[in-house]
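The values are calculated or read from the model by the stated rules, or taken from the named source; none is laboratory data. Since we're looking at a predicted model, the values are computed, not measured. Don't worry about glycine lacking a Cβ; one is built from the backbone with ideal geometry, like all the others, and counts go over all protein chains shown. For the accessible areas, the whole protein counts, side chains as well, though only heavy atoms, and no ligand, DNA or RNA atoms are used. Shrake-Rupley method; radii C 1.70, N 1.55, O 1.52, S 1.80 Å.
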Amino acid sequence: RETYLKKASVAFLLVERKRKRAHWRDFFHGSLMHALSRGKGNAMEDFLSLFFITPFTGLAEGIATATSPLDVIDAVDGFVWGPIMILLLLGTHIFMTIRTGFIQRKLGTGIKLSVTKDDPSDADGDITQFGALTTALAATIGTGNIVGVGTGLLFGGPGAIFWMWITGILGIATKYSEVFIGVKYRVKDHSGKMLGGAMYALERGFKNKKLGRILAILFALFASLAAFGIGASTQSNSLADALYNTSLVDGKAIPQWLVGAVVVVLVAIVILGGIKSISRVCEKLVPVMALFYVVCCLIIIGINGQYLGEAVRQIIEGAFTPAGAAGGAVGSTVTLALQFGFKRGIFSNESGMGSAPLVAASATTKNPARQALVSMTGTFWDTVIVCLITGLMLMTTLIANPELSTAVANGTISSGAGLATAAFEKIPVFGPLVLLVGLLTFTYSTILGWSQYGNRAISYLLGKKAVLPYYIVFLLFVFWGCMMVGDASNSAAVSNLSSTVWDFADVMNALMAIPNCIAVLGLSAVIARETKHYVYDGNLEEVDDTEIPQYDEK
C-alpha cells in the first residue's frame, strides 16, 4: 500500500527517528509541570537541564557515535529540531499573539483584503496582494498536508490533529508579524523591483547593524540552500514517484528522464519569467488545487458521515486524555499528541520560518499591515482548514474500516504515507485519483514557490547576477529528484544520498527560523505600535509614504 507517497514519507520517518534519538519522550514526561510537582527547589534546575543541557549532550553523543556523514547530519537535525526550537517557535507564536492584541480576530479582514487590489497609483509593489498570498501558499500547501497529518495521527494519536489545529491558530500571529516587518523594511533593486524578507528587516530594523547584518546573511544562506532540497529535489521526487506507482496509468512504462525533462521545462517556463509569472500561475493553480482537494476530502468524509461525530469526539478527547482511535490500534498519550501535533503544525504552515515575507514584500500594498493581514490567512487556510479536513477524512476512514487499524497494529502500515494512501484507496478509483492529482499539483506548486524563495535569498547574498546560475542549479536538482525513483531508488547509495538531502534541507529550514524569530521578537515593539495604529485605530486605508531605499548594485 505504500505507493504514490513512498518517497515523500522518507522525510517524516527520518524526523520521527531523530526525535526519538533526541529523547523526546523523556523531554515531555520530564516537563516543567512534572518537575514542579517534585518540589520548587529542583524545578528550575530540571527545566534548564531538559531544555538546554539534554539537547547538547544528545548532539555530542550523536556526533561521537556517527559512522557516516548522514549520521552527523542526523544528529544535528535532531538537535536543531529539539526542544529549544519548539520552545522558540511556540514561544514566538504565543508572545506575538499577545503583543499584537490577538490579531487572529482580524482574520475576516485579512480574507476580505486578500481579494482586494490596492491601486498601484497610491501603493508600491510588483504583484497583487492575492498573488503574494497564493505564491506563499504554493510553497506551504504540499505533501505535509497529506503525509504530515497521517504521521501525526499515526504516532501522536487523534489528539495530535487538535494540537496541530491549535498551533495553526497561534502561528497566525507570527505569520502576520514576520510579513509586517518584511514589507516595512523592504527595498528596491536597481530596476525598481521590490525585495524584502527577514534579511532586510534585520539589516535595516536592528540598531546593532553589525549583528543585524550577520543574522541577515545567515538567514539568506540557509534559505538559498534549503531550496535545493525541500523545494526542488524532494518535491520533484515525490511528484515522479506518484506518477511511477499510480495504478491509474502505467507509470512504470514512462522513462524517468522524460518525466524529469518535462517537469524541468514546466518549472523553467514559469520561474524564468520572474515573480510576476510565478504569481500569475499560483493565483490560478493554488485556489483550484486546494479547492479540488478539500472538496474531494469532504466527499470522502460525507461517505463516512455516520462516523464523523465519533471522529470529532476522539480528536478532542485524545488531546486531553490518553485515547485510542479506531478500536485502539492508533492511539497515544497526551504528551505524544502534543508533541506530534505541534511538530506537524509547525512543519505544515511554516509560521516562524520567514519564508512567506520573501514573496509578500513584492505585493502592491498601501501599508505593511494590509499585506500582513492578507498573508496571515495563509496559515489559516493551510493548517486550520486543509490539515483539519485531511485529519477528519483519515479519522472517519479509520473508524469505518477497522482492518486499517489492524494493519497499523501489526506493522503493515508503519508510516504516515502508508496510512494516507491506505485511507484514500478505500474509495475505489476516486480515492487514488484525488491522491495522485493532489500530490502532483501540491508538489509542482511547492517547487514554484520555493524557487522564488531561493531567488530572493541568493539575490541578497550575491546580487541579481547570481539568479540565473542559481536557477540552473535549482533545475538540475529538480531533474535529479525525478530520476531517483523506480529501480534507482532501490540502490543503497541513492537511498542514503536522498536521506542526506532531506536531512540537510530539514536542518536549513530550522536554522532559517532562528534569525527570523530573532527579527520578529527584536522588532515586536515596532510591530505592536504600528499594528495598533493601522489595524485597531482604523487606519488601514492610510498610505505609508515612507521612502523605500533603492539598491544600485545589479
_Unmet criterion (only one of (1) closer than 24 Å to PRO469 by Cβ; (2) part of a loop (DSSP other than H, G, I, E, B); (3) at pLDDT 90 or above) for TYR200_ = (2)
*asked:* What's the number of the only condition in (1) at pLDDT 90 or above; (2) surrounded by 14 or more Cβ atoms within 10 Å (Cβ to Cβ); (3) part of a helix (DSSP H, G or I) that LEU540 fails to meet?
replied: (3)
*Could you please find all residues in the stretch 482-518 being touching a Gly at 6+ places or on another chain (Cβ under 8 Å) and at pLDDT 80 or above?*
CYS482, MET483, MET508, MET512, ALA513, PRO515, ASN516, CYS517
*asked:* Condition first: at pLDDT below 85 and either out of contact with any strand residue (DSSP E or B) (no Cβ under 9 Å at 6 or more places or on another chain) or buried (at least 24 other Cβ atoms within 10 Å of the Cβ) (or both). Can you find one or more residues in the stretch 307-318 that meet it?
replied: yes
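Only one of ALA226, ALA240 is open to solvent by less than 50 Å² (accessible area, probe 1.4 Å) and either among the charged types (D, E, K, R) or within 14 Å of ALA505 (Cα to Cα) (or both). Can you tell me which?
Answer to the selection: ALA226.
Mind listing whichever residues of the stretch 68-116 are small (Gly, Ala, Ser) and within 25 Å of ALA363 (Cα to Cα)? Let's see the steps before the verdict.
So in the stretch 68-116, the residues small (Gly, Ala, Ser) come out as 68, 75, 78, 82, 91, 101, 108, 110, 114.
GLY101, GLY108, GLY110, SER114, listed by residue number.
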*If you scan the stretch 144-164, which residues turn out to be modelled with pLDDT under 75 and open to solvent by less than 10 Å² (accessible area, probe 1.4 Å)?*
ASN145, ILE146, VAL147, GLY148, THR151
*Filter result for ALA466 (touching a helix residue (DSSP H, G or I) at 6+ places or on another chain (Cβ under 8 Å) and touching a residue at least 12 places away in the same chain (Cβ under 8 Å))*: no
*Pairs only if they're at least six apart or on different chains, beta carbon under 8 angstrom, first in the stretch 90-118 and farther than 25 Å from ILE518 by Cβ and open to solvent by 30 Å² or more (accessible area, probe 1.4 Å), second outside any helix (DSSP H, G or I) and not aliphatic (A, V, I, L, M); list them, first residue then second.*
LYS117/THR128; LYS117/THR364
*asked:* Testing ILE73 on (1) open to solvent by less than 30 Å² (accessible area, probe 1.4 Å); (2) at pLDDT 70 or above; (3) farther than 30 Å from VAL535 by Cα; (4) of a type in the set (A, V, I, L, M, F, W, C), one condition comes back false. Which one is that?
replied: (1)
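Could you say which residue among SER277, SER191 is open to solvent by 10 Å² or more (accessible area, probe 1.4 Å), without any contact (Cβ under 8 Å) to a residue 24 or more places away in the chain, part of a loop (DSSP other than H, G, I, E, B) and under 26 Å from ARG370 (Cα atoms)?
Within the list SER277, SER191, the selection yields SER191.
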*What number of residues in the stretch 165-177 are modelled with pLDDT of 90 or more and more than 15 Å from the chain's Cα centre (by Cα)?*
3
